[in-house]
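Student: Have a look at the structure that comes next, please.
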Amino acid sequence: MKNQDSKNVPDFRMRGDVGRRDFLRYSLGSFAMVSTGAMSFGCGGSDSVAPEPVKPYLIDSNVTTTSERMVSFRYDLQGLAANEIDKVSKYDDFGYGDWQYVDVGLPVVPRTDLIGSTYVAPKRGKKLVNFFTFSDIHITDKEAPNQLMLLQEFERYAINNTSIYSPVMMYSTHVLDAAMQTMNALHKKTPFDFALSLGDTCNSTSYNELRWYMDVIDGKVIRPSSGAHLGEDSIDYQKPYQAVGLDKSIPWYQTMGNHDHFMIGSFPVDANPSLGFRASYVADTVWAVADTLVPNLKTFPILFNMEDFKATPQYYMGLIDGSTPYGNVIHTGLSTSPAFAKGAPKVVADPDRRSLLRTEWVQEFFKTSTGPVGHGFNLVDKTAPAGFACYSFLPKSDVPLKMVTVTWMPPAGPGSRPSWPPARPPTSSW
């Protein structure tokens with residue numbers, strides 16, 4: 001992203017000295033764009049004690065928005081094959097960590113073209129509210145036994161399933177905390193009236209994913225591992241740390257995304273109980289399912305059929321090994337291969353991995369130390385069906401502005417065969 005007006009045009013030299021912790025510290029401040037007593041662990045295996053000391057991941061105090069400064073990346077990267085995306089140790093060798101600041105901002109341009117040709121811009125404008133949004137955090141239990149990582153490793157579909165696997169899974173809670181620190185710093189410059197999360201806080205409906213998300217925002221001690229808690233005493237992304245959290249003077253509201261109530265964002269957990277989706281969350285063996293995308297490659301948008309999970313051949317889909325510095329993907333391959341002659345790969349089961357019902361997911365937002373109570377779900381119509389998550393609110397009593405949040409909820413009863421994306425538009429009766 002070369003900019004001739006920049007005072008700092010990047011030369012794209014290798015930046016092997018910039019590690020993942022440094023990247024969080026020095027760059028998150030430029031990613032943010034303002035759009036309109038006792039330690040306790042948030043979740044995960046209370047039987048074992050986390051090592052000390054517990055330290056925060058602090059970002060650079062020099063925080064700016066993208067309207068003031070941008071980050072530039074290389075766009076001509078080559079080297080890694082599609083099925084090598086988890087080879088994180090090679091990223092520096094091929095320039096994947098090569099980034100620079102560009103001392104030119106991206107202008108904020110009013111999009112009047114979205115309004116219509118009859119719109120006439122006012123001669124004077126006034127800022128009604130100052131707020132920020134954040135979205136698609138995808139807090140991930142990377143050690144869960146029921147993921148689909150092998151499908152990403154196949155990568156013959158060219159659809160970039162980054163919710164199936166991405167290296168940022170190792171640091172999803174850390175990235176969120178860095179973003180909260182960024183907002184805190186901007187709040188000191190120009191106070192925010194409120195914040196709005198647009199959903200996909202979790203990657204796959206799990207209780208521990210949701211608690212990590214809210215505990216980060218609340219500024220609690222985070223233990224970002226599950227099951228056996230491998231590597232928490234030595235591996236950077238596994239170590240417990242003190243989240244800074246969001247300034248408690250900023251009220252924040254929540255919406256529900258597809259990943260918050262669908263397995264991996266696509267499959268209603270209880271739509272077909274015979275498939276065992278719910279049990280797979282807390283199992284002590286790695287998931288073995290079919291290559292579910294194959295039957296539907298010729299359709300667009302791609303439709304996922306629940307029954308495809310039963311097809312053969314079946315593959316162990318894998319998980320991230322938390323004892324490895326770069327998060328090696330392990331336990332993948334054809335279930336009938338000699339490597340699995342002794343049966344399914346074993347993991348340490350964790351009850352905190354359980355999948356939440358919509359009603360349970362919503363109720364967790366009443367168990368936070370930041371405000372407001374319920375984070376908007378207290379405003380849901382009391383006569384609405386259980387699990388309904390749509391509401392509206394007035395951010396400022398003296399400003400004629402109403403915020404409306406909408407969540408798409410498909411039928412998910414036993415015997416239904418839902419697909420994703422939806423075949424029909426959402427209706428209030430869903």
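The values are calculated or read from the model by the stated rules, or taken from the named source; none is laboratory data. For clarity, every value in this text was computed on a predicted model and none was experimentally measured. In this analysis, Cβ positions are derived from the backbone assuming ideal geometry, glycine residues included, and neighbour counts consider all displayed protein chains.
Student: Check segment 381-403 and report whether any residue there is under 24 Å from the mean Cα position of the chain (by Cα), in a loop (DSSP other than H, G, I, E, B), over 30 Å from Arg223 (Cα atoms) and modelled with pLDDT under 90.
Tutor: No, that holds for no residue.
Student: Now a separate question. Go through (1) under 18 Å from the mean Cα position of the chain (by Cα); (2) within 22 Å of Ser355 (Cβ to Cβ); (3) at pLDDT 95 or above and name the single condition Ala228 misses.
Tutor: (1)
Student: Something else now. Can you tell which of Asp260, Asp291, Asp270 is modelled with pLDDT under 95 and under 20 Å from Ala389 (Cβ atoms)?
Tutor: Exactly one of Asp260, Asp291, Asp270 is modelled with pLDDT under 95 and under 20 Å from Ala389 (Cβ atoms), namely Asp270.
Student: Okay, next question. For segment 248-263, enumerate the residues that are part of a loop (DSSP other than H, G, I, E, B) and under 15 Å from Val373 (Cα atoms).
Tutor: Answer for segment 248-263, where residues must be part of a loop (DSSP other than H, G, I, E, B) and under 15 Å from Val373 (Cα atoms): Lys248, Ser249, Ile250, Pro251, Thr255.
Student: So Lys126 ticks every box in (1) touching a helix residue (DSSP H, G or I) at 6+ places or on another chain (Cβ under 7 Å); (2) in a loop (DSSP other than H, G, I, E, B) but one. Which box is left unticked?
Tutor: Checking Lys126 against (1) touching a helix residue (DSSP H, G or I) at 6+ places or on another chain (Cβ under 7 Å); (2) in a loop (DSSP other than H, G, I, E, B), the one that fails is (1).
Student: Got a number for residues in segment 314-366 being more than 22 Å from Asp291 (Cα to Cα) and of a type in the set (Ser, Thr, Tyr)?
Tutor: Of the residues in that region, 5 qualify.
Student: Specify the residue that is farthest from the chain's Cα centre (by Cα); the eligible residues are those in segment 89-109 that are loosely packed, with under 14 Cβ neighbours inside 10 Å and of a type in the set (Val, Ile, Thr).
Tutor: Restricting to residues being loosely packed, with under 14 Cβ neighbours inside 10 Å and of a type in the set (Val, Ile, Thr), the top hit is Val109.
Student: Right, something else. With the condition kept exactly as written, say whether any residue in segment 69-88 is surrounded by 15 or more Cβ atoms within 10 Å (Cβ to Cβ), over 25 Å from Leu246 (Cα atoms), modelled with pLDDT of 80 or more and touching a helix residue (DSSP H, G or I) at 6+ places or on another chain (Cβ under 9 Å).
Tutor: Scanning segment 69-88 turns up at least one residue that is surrounded by 15 or more Cβ atoms within 10 Å (Cβ to Cβ), over 25 Å from Leu246 (Cα atoms), modelled with pLDDT of 80 or more and touching a helix residue (DSSP H, G or I) at 6+ places or on another chain (Cβ under 9 Å).
Student: I've got another one for you. Give me the residue from segment 329-348 that is outside any strand (DSSP E or B) and surrounded by 16 or more Cβ atoms within 10 Å (Cβ to Cβ) and, out of that set, farthest from the chain's Cα centre (by Cα).
Tutor: My answer is Phe340.
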